[in-house]
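Peer 1: There's a structure below that I have some questions on.
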Amino acid sequence: DFLAEWGFEYSNEVVYTTSQGMYYSNPTYVFAQAAGTDYTQFMKLDSSRYIYPMDYRVCRLLFEDSGRRTAQTILESDTGSVAMPIDADISQWDPNTATSNGPFPLVAMTTEFNLLGTTQQQVESHVIVINSDLFLNSQLLSSNSVGNSTLILNVFNDVAGVEAPIEIRSRAIATTTFQDKIMGTSAGLIVRIVFVAVIPILLLVAGLVIY
């Protein structure tokens, strides 16, 4: 199994939190917590840049260091989280019956180190898991009020070797039309006179001469 080789194990469960204030709408729409990596520093510096609450599949790390590969948690659930069976009725399910407790990794990455060629140059390979299909929702990625896009950019900039993480925020592009720029000025008055009066008269005169 590919994911197991890279240190990730999944079960047919979703993350459910028993902590008040740590979910939105219902206990499976949990708020993600920073796990202490550089990628999530922006969450500590600006508390308003949170990760939008969503439902996550339960994931467990099989190792932290297996020799060539190291695994790290980037986002995790809170300490009051438990694993709820994916087919359970949330309105009827009792969290006291849960068989495993969090925190669970919500976003994690495993890095493999290899030495290539005669120069023994070290190269890295990465596998990143995001345990909710809503995380990369286009509306969330384009929103300035949540930190989903910032986190993704920080991770991929680092993987790509970009030293300074880059934040991309959506920005309205100001557009100026011909009507806005010209037609509201004195030049616009001249343009209107030429097209409305001068050109029709010239065409009329030309027509009479030809006739």
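Peer 1: Tell me which residues, restricted to segment 19-49, are among the aromatic types (Phe, Trp, Tyr) and under 17 Å from residue 73 (Cα atoms).
Peer 2: Applying the first criterion (among the aromatic types (Phe, Trp, Tyr)) to segment 19-49 yields 23-24, 29, 31, 39, 42.
Hits for segment 19-49 are 31, 39, 42.
Peer 1: Out of all the residues in segment 58-99, which are in contact (Cβ under 8 Å) with a residue 60 or more places away in the chain, under 17 Å from residue 9 (Cβ atoms) and of a type outside the set (A, V, I, L, M)?
Peer 2: Within segment 58-99, 59, 69, 77, 81, 85 meet the criteria.
Peer 1: Here is a follow-up. Which residues, counting only those in segment 116-136, are open to solvent by 30 Å² or more (accessible area, probe 1.4 Å), in contact (Cβ under 8 Å) with a residue 12 or more places away in the chain and not in a strand (DSSP E or B)?
Peer 2: Keep residues of segment 116-136 that are open to solvent by 30 Å² or more (accessible area, probe 1.4 Å), which gives 116-126, 128, 130, 133-134, 136.
Next cut, in contact (Cβ under 8 Å) with a residue 12 or more places away in the chain only: 124-126, 128, 130, 134, 136.
Residues satisfying the conditions are 134, 136.
Peer 1: Give just the number: which of (1) within 22 Å of the chain's Cα centre (by Cα); (2) surrounded by fewer than 16 Cβ atoms within 10 Å (Cβ to Cβ) does residue 68 not satisfy?
Peer 2: Answer for residue 68: the failing condition is (1).
Peer 1: Return a yes/no flag: does segment 143-155 have any residue that is at pLDDT below 90, on the phi < 0 side of the Ramachandran plot, loosely packed, with under 15 Cβ neighbours inside 10 Å and out of contact with any strand residue (DSSP E or B) (no Cβ under 7 Å at 6 or more places or on another chain).
Peer 2: yes
Peer 1: Please state which one of 74, 90 is surrounded by 11 or more Cβ atoms within 10 Å (Cβ to Cβ) and under 25 Å from residue 138 (Cβ atoms). Talk me through it step by step, then tell me what you get.
Peer 2: On the way: 90 fails: under 25 Å from residue 138 (Cβ atoms).
Criteria check complete, one pass: 74.
Peer 1: Name the residues in segment 1-40 that are outside any strand (DSSP E or B), of a type outside the set (Val, Ile, Thr) and open to solvent by 70 Å² or more (accessible area, probe 1.4 Å), would you?
Peer 2: At the first step, the residues of segment 1-40 found to be outside any strand (DSSP E or B) are 1-7, 18-22, 25, 31-32, 35-40.
Right, trim to of a type outside the set (Val, Ile, Thr) and you get 1-7, 19-22, 25, 31-32, 35-36, 38-39.
Passing the criteria: 1, 2, 5, 20, 25, 38.
Peer 1: May I pose another question? Restricting attention to segment 161-172, does a residue exist that is assigned to a loop (DSSP other than H, G, I, E, B), open to solvent by less than 70 Å² (accessible area, probe 1.4 Å) and at pLDDT 80 or above?
Peer 2: No, that holds for no residue.
Peer 1: Search segment 97-115 for residues being of a type in the set (A, V, I, L, M, F, W, C) and open to solvent by less than 20 Å² (accessible area, probe 1.4 Å), and hand back the single one that is nearest to residue 159 (Cα to Cα). Talk me through it step by step, then tell me what you get.
Peer 2: So in segment 97-115, the residues of a type in the set (A, V, I, L, M, F, W, C) come out as 98, 104, 106-109, 113, 115.
Still in the running and open to solvent by less than 20 Å² (accessible area, probe 1.4 Å): 104, 106-109.
On the way: 104: 23, 106: 19, 107: 15, 108: 13, 109: 10 Å.
Out of the qualifying residues, it is 109.
Peer 1: Exactly one condition in (1) touching a strand residue (DSSP E or B) at 6+ places or on another chain (Cβ under 9 Å); (2) outside any strand (DSSP E or B); (3) open to solvent by less than 60 Å² (accessible area, probe 1.4 Å); (4) in contact (Cβ under 8 Å) with a residue 60 or more places away in the chain is not met by residue 49; state its number.
Peer 2: (1)
The values are calculated or read from the model by the stated rules, or taken from the named source; none is laboratory data. It should be emphasised that the depicted structure is a prediction, and the values quoted were computed from it without experimental measurement. Reconstructed Cβ throughout: ideal geometry from the backbone, glycine too, with neighbour counts over all protein chains shown. With ligands, DNA and RNA removed, areas are computed over all heavy atoms of the protein, side chains included. Shrake-Rupley method; radii C 1.70, N 1.55, O 1.52, S 1.80 Å.
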